[in-house]
Structures are given as structure tokens and as C-alpha cells.
1. By how many degrees, between 0 and 90 and to the nearest 10, does the Cα long axis of helix 6-19 differ from the longest principal axis of the chain?
2. Just to confirm the number: angle between the C-alpha axis of helix 66-85 and the first principal axis of the chain, 0 to 90 degrees, nearest 10?
3. Using DSSP to define loop residues, name the GluC sites (Glu not before Pro) in region 22-51 whose beta-carbon has at most 11 other beta-carbon atoms within 10 Å.
4. What is the local net charge at residue 21, summed over the other residues whose Cβ is closer than 13 Å to its Cβ (Lys, Arg +1; Asp, Glu -1)?
5. Setting aside same-chain residues fewer than 8 positions from residue 20, which lysines have a Cα under 24 Å from its Cα?
6. For the chain, divide the Cα radius of gyration by the Kirkwood radius and give the resulting Rg/Rh value with two decimals.
7. How about the chain: which trypsin sites (Lys or Arg not before Pro) there lie in a loop by DSSP and see at most 14 other Cβ atoms within 10 Å?
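Rule-based calculations on the coordinates, nothing more; no lab input. All values reported here derive from a predicted model rather than from experimental measurement. A quick note on method: Cβ atoms are made from the backbone with ideal geometry, for glycine too, and the neighbour counts reach across all protein chains shown.
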Amino acid sequence: MLEITKENIEKATAKARIAKPLVKVIEFRRYSVTNRETGATYEVRFTKIGNQKFGECTCPATKICYHISSCLPINAVLASQMIQTA
Ligand SMILES: [Zn+2]
């Protein structure tokens with residue numbers, strides 16, 4: 001589980017803009033991310049502990065990867081909808 005910071009997510013987001021992976025929602029805070037070129041699919045999960053956000057991915061990366069950053073905008077939308085309907 002890796003802490004998501006503004007700095008590490010900015011780097012990963014730059015890579016996601018180039019790679020443009022396909023993101024599918026499995027459930028809130030759980031996503032499937034597919035590389036369009038290789039077809040490789042990884043699972044991304046988010047956890048929130050207090051005010052800190054954490055992400056994890058099943059790919060071999062040891063840092064916040066672009067799979068995680070690709071899911072963040074969708075996760076933010078889902079989170080805001082859940083607050084409104086709660
Ligand atoms: Zn990854």
C-alpha cells in the first residue's frame with residue numbers, strides 16, 4: 001500500500017495521459033486497469049485512513065503507478081456521488 005501524495009500522483013498522471021489505459025469500475029475504490037497496447041490488466045485499490053489516501057496496484061511497480069493515477073478521477077466522482085446520496 002502506497003501513500004498518495006500530490007507530488008507522486010502528478011508524475012504518474014503525466015504517464016497516464018500518454019498511456020491512456022482502459023479503466024473499469026469493479027466497485028467503489030476497486031478498479032481494473034488495462035494497457036491498451038499489451039492487454040495487461042491490473043487491479044487497483046484505494047484506502048483512506050484519516051486524511052491520508054493510499055493506493056495499491058497488482059503491477060510490478062514499487063511506486064505510485066499510472067494505473068493508480070488513471071483511477072483517481074473516477075474514484076473522486078464516485079466518492080462525491082456517495083456523499084450526496086448518503
Ligand atoms: Zn500499476
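1. 50
2. Relative to the chain, helix 66-85 is tipped by roughly 20 degrees.
3. Passing both the DSSP loop test and the Cβ count: 37.
4. Spelling it out: positives minus negatives among the neighbours equals +3.
5. Within the straight-line cut-off, residue 20 pairs with 6, 11, 53, 63.
6. Dividing the radius of gyration by the Kirkwood radius yields 0.95.
7. Passing sites in the chain are 36, 63.
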